[in-house]
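See structure below.
The values are calculated or read from the model by the stated rules, or taken from the named source; none is laboratory data. Please read all numbers here as calculations on a predicted model, not as lab measurements. Please note: Cβ atoms are built from the backbone with ideal geometry, for glycine as well, and neighbour counts cover all protein chains shown. Heavy atoms of the whole protein, side chains included, go into the accessibility calculation; ligands, DNA and RNA do not. Shrake-Rupley method; radii C 1.70, N 1.55, O 1.52, S 1.80 Å.
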Amino acid sequence: MNRDEIFNKVREVLVDALAVDDDDVTPDASLTRDLGAESIDFLDIVFKLEQAFSFKIGQGELFPENVAQDPRYVQAGKVTPEGLAALKARLPHVDFAAFAADPQLKKVAEVFTVDTLVNFVERKLGAGR
Amino acid sequence: MRWMWIDRVIELVPRQRLVAVKTVSLSEEHLHDHFPAHDGLPALPIMPASLIIEGAAQAAGILVGHAEGFAEKVVLAKMNRAELSRDATPGCTLRYTASLTQIDRAGASAQVRVELAQPATGPMAFETIGAVELMFSHLDQNMAGVEFPAHNFVFGENLRTILRASGVPCDP
């Protein structure tokens, strides 16, 4: 499956999970800021990606977990350099470059774009080959 | 009014399917307001669709809760889709067949078929009148790390009473 085919399936998942129009699902669109995703939608997206691509997504594999509660990773509402390094290591499909300039925890969800999901699926399918 | 919108669980296949029924009765207070007689027209008691969906959510929520031995606080977090094509009136019986679609540590998704048996067609002549797709969150596993009381307030005494009466083990 090439990247365009993955994108098309990811778009179908997001149209279904978030009740958005096809045209809204652009590669750069942020799941939260642009497509209106809320916390439960992240689980919905995980479930729907699993069904669409017939693979299992582990806890914390696509979206982060246990970051906000760790004082090494978050201090005064900001992700620490150690936290950022941990996020990058755990989530290689995510581009944290823009976030690193202003690493406010409340904005961390915005790093997840449509492209992030496509990257994730591409890596996951590639690893399975 | 107690917030119980199923009467009984009639079938449970763990982690797969739960079937529950509810009989609509004119003794339910809200049916007298939804809708009362007015301007010479007779009363038109109809179970609100929102409460049918709540019944579907309770059936599915029990199935999800049962999957983890009622250890998780299972809350309805999202309604993906709901379609109902017919009104439920007093004397009708609703039957909810909830199927678990997916479940993991953070929550679950389920779909519920809603069927209706009307007095005119007999108590067991069920016809499908709709479907509901739902998502549940395991409250203690929320991404924000918010903590909730240890007591499982979701599966309280009323739900447990229904489960016991239905022969579904629910006590630790």
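Take segment B:100-119 and flag every residue that is away from chain A (no Cβ under 14 Å) and either buried (at least 22 other Cβ atoms within 10 Å of the Cβ) or within 25 Å of B:Gly156 (Cβ to Cβ) (or both). Quick ask: steps written out before the conclusion?
Taking segment B:100-119 and keeping what is away from chain A (no Cβ under 14 Å), we get B:112-119.
Selection gives B:Val112, B:Val114, B:Leu116.
If I filter segment B:10-27 down to residues being in contact (Cβ under 8 Å) with a residue 40 or more places away in the chain, open to solvent by less than 70 Å² (accessible area, probe 1.4 Å) and of a type outside the set (Gly, Ala, Ser), which single residue comes out as nearest to B:Leu63 (Cα to Cα)? Reasoning before the result, please.
As a first pass, look at segment B:10-27 and keep what is in contact (Cβ under 8 Å) with a residue 40 or more places away in the chain: B:10, B:12, B:14-26.
Next cut, open to solvent by less than 70 Å² (accessible area, probe 1.4 Å) only: B:12, B:18-25.
With of a type outside the set (Gly, Ala, Ser) added as a condition, the list becomes B:12, B:18-19, B:21-24.
Values: B:Leu12: 8, B:Leu18: 6, B:Val19: 9, B:Val21: 14, B:Lys22: 16, B:Thr23: 20, B:Val24: 22 Å.
Once the filter is applied, the top-ranked residue is B:Leu18.
Of a type in the set (A, V, I, L, M), touching a residue at least 12 places away in the same chain (Cβ under 8 Å), in contact with a Gly (Cβ under 6 Å, 6 or more places away or on another chain) and in a strand (DSSP E or B), is that true of B:Val114? Here the answer is yes, as B:Val114 does meet what is asked.
Considering segment B:73-83, and only residues there that are within 14 Å of the chain's Cα centre (by Cα) and either open to solvent by 60 Å² or more (accessible area, probe 1.4 Å) or more than 14 Å from chain A (Cβ to nearest Cβ) (or both), the residue that is nearest to A:Leu18 (Cα to Cα) turns out to be B:Met79.
Screening segment A:29-39 for residues that are away from chain B (no Cβ under 14 Å) and open to solvent by less than 20 Å² (accessible area, probe 1.4 Å) and picking the one that is farthest from B:Ile103 (Cα to Cα) gives A:Ala29. Restricted to segment B:120-170, and to residues there that are in a strand (DSSP E or B) and hydroxyl-bearing (Ser, Thr, Tyr), the residue that is nearest to the other protein chains (Cβ to nearest Cβ) is B:Ser137.
Residue-level analysis places A:Lys56 outside the set of residues that are in contact with a Leu (Cβ under 7 Å, 6 or more places away or on another chain), open to solvent by 80 Å² or more (accessible area, probe 1.4 Å) and basic (Lys, Arg).
The rows are residues; the columns are (1) among the hydrophobic types (A, V, I, L, M, F, W, C); (2) under 16 Å from A:Val111 (Cβ atoms).
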site: A:Asp4; (1), (2): no, no
site: A:Arg11; (1), (2): no, no
site: A:Asp24; (1), (2): no, no
site: A:Asp34; (1), (2): no, yes
site: A:Ile45; (1), (2): yes, yes
site: A:Leu49; (1), (2): yes, no
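Collect the residues in segment A:79-123 that are open to solvent by 40 Å² or more (accessible area, probe 1.4 Å) and closer than 16 Å to A:Gly60 by Cα, keeping them in residue-number order. A:Ala85, A:Lys88, A:Ala89, A:Arg90, A:Pro92, A:Asn119, A:Arg123 - these are the residues of segment A:79-123 that are open to solvent by 40 Å² or more (accessible area, probe 1.4 Å) and closer than 16 Å to A:Gly60 by Cα. Within segment B:88-99, one or more residues are surrounded by 20 or more Cβ atoms within 10 Å (Cβ to Cβ) and either part of a loop (DSSP other than H, G, I, E, B) or free of Cβ contacts under 8 Å to residues at least 24 places away in the same chain (or both).
If I filter segment A:40-51 down to residues being crowded, with 17+ Cβ neighbours inside 10 Å and not β-branched (Val, Ile, Thr), which single residue comes out as farthest from the other protein chains (Cβ to nearest Cβ)? So the residue we want is A:Leu49. Would you confirm whether or not segment A:14-28 contains a residue that is open to solvent by 30 Å² or more (accessible area, probe 1.4 Å), within 9 Å of chain B (Cβ to nearest Cβ) and not in a loop (DSSP other than H, G, I, E, B)? The answer is yes; a qualifying residue exists. The set of residues in segment A:38-56 being touching a residue at least 40 places away in the same chain (Cβ under 8 Å) and assigned to a loop (DSSP other than H, G, I, E, B) consists of A:Phe55 alone. From the residues in segment A:52-104 that are within 20 Å of B:Val146 (Cβ to Cβ) and under 14 Å from the mean Cα position of the chain (by Cα), which one is farthest from the other protein chains (Cβ to nearest Cβ)? Only one residue tops the list, namely A:Gly60.
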